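Following: one structure in structure tokens, then a few remarks.
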Amino acid sequence: MPLTPDDRRQLYRFMCLSRAVEDAAWALAGQGRLVGRLYTSHGQEAIPVGAAYALRPDDVIAPMYRDMGMHLVRGVAPVEVFAQYMGKRGSSNAGKDSGLHIGDMARGIVGMISVLPDSLPVAVGVALAFKLRREPRVALTSFGEGAASTGAFHEAVNMAAVMKVPVVLVCENNGWALSTPPEREFATAAIVDRAPAYGIPGVQVDGNDVEAVHAAVAEAAARARAGGGPTLIECLTMRMRGHSIIDPADYVPRAQLDAWAARDPLAGQRERLAAAGLWDDAREAALQAELRAEVDAAVHAAEAMEDPLPGDVHTGVFAA
Amino acid sequence: MSTGSAMRTLTYHEAVREALWQAMEADPAVFLMGEDIAAYGGVYKVTAGFVDRFGADRVIDTPIAENAIIGAATGAALVGMRPIAEIQFADFIACGLDPLVNMTSTIHYRWGQPVPLVVRAPAGATWASAGPFHSQSPEAWFAQIPGLKVVMPATPADAKGLLTAAIRDPNPVIVLEQKYLYRRLSGPVPEGEHVVPLGRAAVARPGRDATVVAWGSMAFKALEAARMLADGDGIDVEVVDLRTIVPWDRDAVLASVARTGRAVVVYEAHRTAGFGAEVAATIAEDGFADLDAPVVRLAGLDTPIPAHPVLEAAYLPDEHAIADALRRLVAY
């Protein structure tokens, strides 16, 4: 189904919301107002937004820490994000874990862990359940090009291919696995080159083009839903900040950053919308004002929430 | 708790099969996944015939991929299934330890989602030269993972009842089936529903003079030692079968030690930092006033488990070693 003008504006809005939330989080972290480290998706917002927007509400995502946009598209409110980042008692992890590890099966979100490739087999298992129950649902997981070097990646993709489960595998190749560039992670030209070796379709897309990501995921999800099994999608993008807020990333060449800065995914979508007559300066000003207010309110609401109590440490190890 | 059904004599192996079969019959969300479990029936034939009855959708042969088996079973559990993953040998779970340690067992603590997942793994030495990679008893690894329950049945009735409880539990549970006992041990097993609650030890044999705390096949060996001592030495030994390692039944162990005043903790895993060290430390800490002698540990050596029968026997505690330890303890 082609994107409507509304959809196209929504994609842009979600990317802008993601950037606004993460800009605010970056500032809060610098002021010591967050718990734990901060990892953001600056520069690669098009992938989580485009991917999640291509799914249905009853599909399940197993996102990673650079997928703020996926959470927002799934309905996680900015106040929930800030509460999570602040480790508040009423947050998803209630202060027991930190970062973007929000999990909520009611909204189809598997909470990630810091061992990033572990979400791959879990997503395969979610998809396996859908297949066994003959439900027309899809699981989607995302991972970096660095995580693709692990054994868990291989085991999961191979198992997904053999079992032909409805899973969409989104690689966000952002050029840096902490400080390690792709040529030190794999010897092929691209991650997507592996798809034929697993016997599954693979496609490489411009990860800074939200509509291209959306189209690729929509096609892969439709194939999965129809029984066609998994697809590997490699989205090329660039990590525009350090690995985490404490990483100055001085190993990244300036020219690489400059080249990608000229291809900012938000600016790209704004230009596409403007060229189609769907966007103008007045809309932009209104959107930015709205997002600023929304984010400010969310930060204040989150800060007003209760911190965990020492006794909470004991609760929830086991389900009753 | 059983529904008053008839008792039959089953082997440990048949009891495991019956628990799985009845769970598959009762709940369509239950399914099996693992290596060589469908047409081949598993290397120990625990699931032989299951695929014919329940179909390939519910008895799933997987690639050799322990990480993905446990990870995928976790994913299925998150969306309403009740997966039972078989790891071919407990030793091989090292290949799948990461998701169990980092993902599966932390989910409920981190974001409140139950993960009703059972991992079955044949464990322990066989006294049949299985060697370093098919003999390990890794319960202490799992006891260090908060959020994971650990079960080690020592009788056919418990093999059925504990596995049934594990399948119904809303948490990840690893069941370390004792392959030494699969076809060696028979006993009465209720025919119908039979659930043994997790976390409760059993006094497998009451006695006055000393307590043996053991689990898995060492509980079986401890009972043999107790019989030898009763017949030959007039020593009356109480055997406490722990049955569940996590959560473990401190109260039952301390109550037994209070009755006897003496305790030997027997386990076939490596002695140092084995789970028996935790049991012994707890008795020393919380049962000190009841003790008439130091707590003794009897365990496997701090070596890999060797293959040759001479070496394997030198590694493993047996009924004679247990009996000797008890004689010394009673004479203390």
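So the values come out like this:
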item	result
Average beta carbon contacts from partner chains per residue of A:2-11, 10 Å cutoff	0
Calculated P(r) tail over 23 Å for region B:188-332, as whole % of Cα pairs	32 percent
DSSP bridge pairs, chain B: antiparallel proportion in percent, nearest 5	25 percent
For the protein assembly as shown: accessible area per residue (Å², 1.4 Å)	36 Å²
Euclidean distance of C-alpha centroids, region B:210-233 and region A:183-237, integer Å	60 Å
Zero-based 10 Å bins, Cα pair distances in region A:172-309, whole percents	10, 25, 29, 26, 10, 0
For region A:8-55 and region B:243-272, distance of Cα centres in Å	52 Å
Theoretical FRET efficiency, 1/(1+(r/R0)^6), r = Cβ-Cβ of A:Glu290 and A:Arg56, R0 30 Å, to 0.05	0.65
Karplus 3J(HN,Hα) series, Hz, for region A:168-182 with 6.51 cos²θ - 1.76 cosθ + 1.60 (x for Gly, Pro)	10, 10, 10, 8, 9, 7, 9, x, 8, 9, 6, 9, 9, x, x
For B:Phe31, residues with placed amide H under 5 Å, excluding near neighbours	B:Arg82, B:Ile84
Distance in nm between pseudo-label sites at B:Val203 and B:Ala255 (7 Å out along the Cβ direction from Cα)	0.8 nm
Spin-label model distance (nm) - A:Asp312 vs B:Ala48, 7 Å beyond Cα toward Cβ	5.4 nm
Cα radius of gyration and Dmax for region A:1-112 (Å)	13.7, 45
Debye intensity ratio I(q)/I(0), log10, region B:7-190, q values 0.12 Å⁻¹ (C-alpha model)	-0.50
Dipole of the protein assembly as shown, positive direction: furthest Cα of A:Thr141, B:Ala39, A:Gly316, with charges on the beta-carbon	B:Ala39
Per residue convex hull volume, Cα atoms of chain B, in Å³	128 Å³
Value at 222 nm in deg cm²/dmol, rounded to 500, when DSSP H runs of n ≥ 4 in chain B each add -39,500 (n - 2.57)	-10500 deg cm²/dmol
Bridge type composition, chain A - antiparallel percent by DSSP, nearest 5	10 percent
Contact order normalised by residue count of region B:202-331, Cα under 8 Å, 6+ apart, percent	28 percent
Relative contact order [Cα under 8 Å, 6+ residues apart], chain B, whole percent	17 percent
Summed side-chain charge close to A:His42 - residues other than A:His42 whose Cβ falls under 10 Å, Lys, Arg +1, Asp, Glu -1	0
Percent of beta bridges antiparallel (DSSP, the protein assembly as shown, rounded to nearest 5)	20 percent
Options A:Ala282, A:Asn208, A:Asn158, ranked by Cα towards positive dipole end of region A:158-283, top entry (Cβ charges)	A:Asn158
Charge dipole (debye, nearest 20) of region B:1-89; +1 at Cβ of Lys and Arg, -1 at Cβ of Asp and Glu	220 debye
J(HN,Hα) series, region A:17-29, from Karplus relation 6.51 cos²θ - 1.76 cosθ + 1.60, nearest Hz, glycine and proline x	5, 4, 5, 5, 5, 6, 4, 5, 4, 4, 5, 5, 5
Charge dipole magnitude, Cβ of K and R +1, D and E -1 - region A:5-305, Cα centre, debye nearest 20	780 debye
4 °C / 1.567 mPa s Stokes-Einstein diffusion coefficient of region A:47-178, Kirkwood radius on C-alpha pairs, µm²/s	87 µm²/s
Per-pair calculated FRET efficiency, R0 = 35 Å: B:Asp27 and B:Ala230 via Cβ, rounded to 0.05	0.20
Within region B:202-331: Cβ-based charge dipole about Cα centre, in debye rounded to nearest 20 (Lys, Arg +1; Asp, Glu -1)	20 debye
Region B:113-188: chymotrypsin sites (Phe, Trp or Tyr not before Pro) in DSSP loop, at most 15 other beta carbons within 10 Å	B:Trp127, B:Phe133
For region B:108-227: span of alpha carbons on each principal axis (Å, largest first)	49, 35, 31
Under 20 Å from B:Lys45, Cα to Cα: lysines that are on another chain or at least 8 residues apart	B:Lys160, B:Lys179
Measure of compaction for the protein assembly as shown (Cα Rg per 2.2 N^0.38 Å)	1.08
Apportionment of accessible area to carbon and sulfur, region A:59-125, percent (1.4 Å)	50 percent
Largest-first ordering by accessible area, 1.4 Å probe, given options A:Trp176, B:Trp215, A:Trp260	A:Trp260, A:Trp176, B:Trp215
Region A:5-305 - convex hull of the alpha-carbon atoms, volume per residue in Å³	124 Å³
Carbon + sulfur, % of accessible area of region B:64-109 - ligands and nucleic acids excluded, 1.4 Å	63 percent
In sequence order, calculated HN-Hα J values of region B:210-216 (Karplus, 6.51, -1.76, 1.60; Hz; x Gly/Pro)	7, 10, 9, 9, 8, 7, x
Relative contact order for chain A, counting Cα pairs under 8 Å that sit 6 or more residues apart, in percent	23 percent
For region A:266-297 and region B:64-131, distance of Cα centres in Å	47 Å
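The values are calculated or read from the model by the stated rules, or taken from the named source; none is laboratory data. Keep in mind it's a predicted model, so treat the numbers as computed, not measured. A quick note on method: Cβ atoms are made from the backbone with ideal geometry, for glycine too, and the neighbour counts reach across all protein chains shown. These accessible areas exclude ligands, DNA and RNA; they are computed on the full protein's heavy atoms, side chains included. Shrake-Rupley method; radii C 1.70, N 1.55, O 1.52, S 1.80 Å.
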